[in-house]
Every structure is written in structure tokens, then in C-alpha cells.
1. Would you kindly state how much longer the chain becomes between A415 and D149 on full extension, computed as 0.36 nm times their sequence separation minus their alpha carbon distance, in nm to one decimal?
2. Under the Karplus relation 6.51 cos²θ - 1.76 cosθ + 1.60, θ = phi - 60°, what is the ordered set of whole-Hz ³J(HN,Hα) values for the range 146-162, x standing for Gly and Pro?
3. Cα centroid distance between the range 376-419 and the range 231-285, in Å?
4. Over the chain, average the accessible area per residue using a 1.4 Å probe and give it in Å², no decimals.
5. Net charge near A241, counting Lys/Arg +1 and Asp/Glu -1 over other residues with Cβ under 14 Å of its Cβ?
6. Measuring from centroid to centroid over Cα atoms, what is the spacing of the range 54-99 and the range 1-29 in Å?
7. Note down the net charge around P210, summing +1 for each Lys or Arg and -1 for each Asp or Glu among other residues with Cβ under 15 Å from its Cβ.
8. How high is the relative contact order of the chain, in percent, with contacts defined as C-alpha pairs under 8 Å that are six or more residues apart?
Amino acid sequence: MSLIDPSVIDAHNEPLLRHVKNDYEHLGEQLARRDIDIDTLTQQVAAFGVALPSWGVGTGGTRFARFPGQGEPRDVFDKLQDCGVIHQLSRATPTVSLHIPWDKCSDWGALKGQAASYGLGFDAMNSNTFSDQLAQAHSYKFGSLTHADAATRAQAVEHNLECIEIGKKLGSKALTVWIGDGSNFPGQQHFRRAFERYLESTRQIYDALPADWRMFLEHKICEPAFYATVIQDWGSSYLAASALGPKAQCLVDLGHHAPNVNIELIVARLIAAGKLAGFHFNDSKYGDDDLDSGSVSPYRLFLVFNELVAAAHEQVKGFEPAYMLDQSHNVTDPIESLMASAEQVTRSYAQALLVDREQLDAAQQANDALSATRLLQRAFQTDVQPILQQVRLQGGGAIDLIGAYRASGYRAAKAEQRPARVGGGGGIV
């Protein structure tokens with residue numbers, strides 16, 4: 001099912017076809033001088049995909065305010081429509097990651113069928129024990145999976161088990177667990193006991209995983225617990241994942257680290273340990289800003305992909321990372337931001353494929369620091385836009401993502417169909 005009339009996309013592509021052809025041929029000549037076949041590279045890029053967060057198609061907010069946009073999705077079915085448009089135009093976002101209970105519905109079969117009609121599948125399920133829901137028996141104000149109260153912990157475990165059951169109906173193969181548990185004052189929490197309770201709770205969830213599922217443990221240095229969080233860095237995440245077993249791995253969110261942390265080094269460590277689950281892609285300037293991917297630090301994003309592509313090139317055993325966008329779009333149209341981010345993530349992947357691994361290995365072995373870093377810079381500075389455009393064109397997508405989307409009138413049409421939301425609240429979604 002096409003959410004945007006293909007003729008609209010074709011009409012928008014038409015005046016750009018000649019330019020794409022010429023740019024692609026010119027880039028092909030440049031890459032050939034580096035012994036790189038552009039068609040082979042294009043096939044690799046076409047096979048790449050990043051999941052969309054269901055919550056990402058709604059307008060985000062801050063702790064202070066949220067300003068709703070026009071035509072916002074009212075439920076998970078509306079969210080899938082928006083995700084379908086993103087994939088139709090970008091051809092790079094074939095799966096959607098749901099967040100429960102935000103995305104609860106009464107007919108999971110109908111939801112799965114609608115997703116399939118848009119060419120979408122389902123990525124990891126995400127549980128929510130960092131906020132209270134209506135009619136919830138026990139509050140998560142002072143923790144969930146690590147709460148001092150056994151009944152509260154049991155409630156949080158049960159919610160995660162429910163997410164697994166929903167995921168089984170949708171064809172998901174993973175559960176992402178992020179908790180806001182921690183403390184805001186010194187002495188408020190017994191650090192070791194809280195971690196032990198985390199292991200006890202996640203063990204119950206782990207034991208309920210289907211044989212072909214994985215469990216992604218997500219860490220975050222702070223917020224909402226600002227003094228100490230229970231799973232505050234990749235070390236705590238690794239300790240927990242190791243204690244649970246091979247199906248538990250560590251998820252890396254690019255905004256969940258202290259300033260100036262070398263994230264690509266963390267990536268390398270987790271790959272070496274066989275514990276890299278994958279990524280939540282975004283960007284940041286001050287903290288967990290959830291900005292559009294590559295909007296602030298595109299070179300850092302490239303360096304992360306350099307480690308990922310190196311691991312794939314070296315055929316590291318068990319290397320199977322999951323990729324997802326995780327952003328909050330406060331002042332932009334979320335569909336536009338997600339398309340731009342998917343393009344940027346794909347660009348970083350394509351650039352990392354251009355790194356000459358043999359020359360880089362030789363430079364590293366010879367301790368030739370300048371040659372090594374120049375090899376990375378040459379790949380990063382290569383304009384791979386013609387490859388991205390060619391991939392979209394071959395897949396029936398849009399050469400100019402934002403331009404085609406705006407020309408389609410999709411947002412205006414949804415503004416008429418979906419009642420406007422009242423503003424004034426805070427929060428991410």
C-alpha cells in the first residue's frame with residue numbers, strides 16, 4: 001500500500017534524474033581510482049536499514065514545555081502510517097520499534113497486517129517502568145526493577161513479560177530494557193543491593209525470553225536519577241549482561257554518556273566481548289539531547305560505524321547489531337527529522353565502507369598515526385550522496401527526501417484528518 005501516490009514521487013524525481021546519473025557516474029570514476037566498485041558498494045548500502053521508534057513520529061518536548069505539531073498521530077495505527085511514509089520515501093527504515101504501554105492496542109493481528117501493507121516489520125520491543133500508568137497498583141517513583149519493595153519489582157517484571165508476549169505476536173525478536181532507577185541524594189539508596197535486585201529482576205525476564213530472542217540492556221549516566229543511576233555506564237551494563245547469559249547484550253545510546261567519552265572505543269570493547277546489542281542513534285551537545293543523528297557530531301557517528309564495519313569485515317563471531325533511531329523532535333516535523341537522520345546514518349555506513357582496511361591495518365602496524373587518520377578522513381570526506389540517491393531511486397523512493405515529502409502534502413492532509421492536540425505539557429511524547 002502506497003501512502004503517498006507514487007506518481008507524486010516520480011514527478012518530483014523526474015527533473016533530478018539526469019543529475020543523479022551524472023553524479024553517480026562521476027563518483028564511480030573517482031572510486032574506481034581507489035579500486036572500489038561503486039555498484040557493489042551501492043548494493044551493500046541498499047541492504048542496510050535502521051529501525052524507526054514509534055514514539056519518534058510524535059512531537060517531542062522538554063521538562064518545561066511541549067508544543068504539539070499539526071497532524072500528530074493519535075494512536076499506534078497512525079504512528080505506523082507516518083513510519084510507512086518515511087520508509088516509502090527513504091527506503092532505509094524497514095522496521096518499527098514499539099513502546100509499551102504507549103503503543104497498546106486491542107488487535108495485534110490487525111496492527112501486524114497494517115505494518116506489512118506498508119512494507120514494515122517490527123524491531124525490538126521497549127518496556128516502560130520509568131513512569132506510572134493509570135490504575136497502576138505500585139508507583140515507580142522510587143524505582144522499578146530495583147525497587148526496595150518486592151511487589152513493585154514483581155509488577156515491573158510482569159510488565160516486561162507482557163512486552164515479550166506482545167512481541168511474539170508481532171514477530172519481534174528482542175526486548176529493550178531501560179530503567180530510570182537510581183537516587184537523587186547521597187545515602188538514599190544502597191548501591192550494591194540495588195544492583196543485586198536489578199539482576200534478580202532481569203533474571204526472571206531473561207528466563208522468559210524465547211530461544212531466538214535477545215535482551216538489550218540500556219544504560220544511562222543520569223536522569224531522572226541525578227545522583228546515581230543503577231545502570232549508569234557500559235561497565236554496569238556489561239556486568240549485568242554477563243551475569244544473565246548469552247542472550248543479554250549491551251545497547252549503546254549515543255546520548256547516554258558523560259561529555260567527551262570515546263563512544264567508538266566502547267563499541268570496540270563490547271564487540272570484542274561479544275556483548276554489543278546495537279544502537280539508539282541520535283546526537284547531543286550537552287547531554288541526552290536526542291537531537292537528529294549527525295546534526296552536531298557527524299564525524300563521531302562515522303567513527304562509530306568505522307568500528308562496526310571493521311567488525312563485519314573481520315567476520316567477528318556473533319556480530320549482529322540492531323540499529324534504531326531514538327530522537328525527540330521538538331521544533332521540526334518529526335517525519336522530516338527521521339528521514340534526514342536515516343539518511344545521515346546510512347551515509348556514515350557508506351563512508352565507513354570506503355575505508356581501505358588493508359592500508360589502515362598497515363598504518364596501524366607501523367604506528368603511522370598520520371597515515372591512519374588520513375585514511376579515515378578521506379573516507380569521511382567523500383561525498384556519497386549520489387549512492388544514497390541511487391539506492392532510493394532504485395527502491396522507488398525519493399531522490400530529494402524533504403522536497404518530495406513537502407510536495408506530497410502529507411502533513412497538511414493528516415492535519416485535517418487528525419484533531420489538533422492541546423499544548424501545555426512537558427515530556428518527550
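The values are calculated or read from the model by the stated rules, or taken from the named source; none is laboratory data. Values in this document were obtained by computation on a predicted structure and should not be read as measured data. We place every Cβ from the backbone using ideal geometry, glycine too, and count neighbours over all the protein chains shown. Accessible surface is based on the protein model in full, side chains and every heavy atom, while ligands, DNA and RNA are left aside. Shrake-Rupley method; radii C 1.70, N 1.55, O 1.52, S 1.80 Å.
1. My answer for the length gained is 91.2 nm.
2. Calculated HN-Hα couplings, in order: 10, 4, 5, 8, 5, 5, 5, 4, 4, 4, 5, 4, 4, 4, 5, 5, 4 Hz.
3. Between the Cα centres of the range 376-419 and the range 231-285 lies a distance of 30 Å.
4. 45 Å²
5. Overall, the nearby charge balance is +3.
6. 25 Å
7. On the way: positive: K168, K169, K173, R214, K247; negative: E162, E165, D207, D212.
Summing Lys and Arg as +1 and Asp and Glu as -1 gives +1.
8. Here the relative contact order equals 24 percent.
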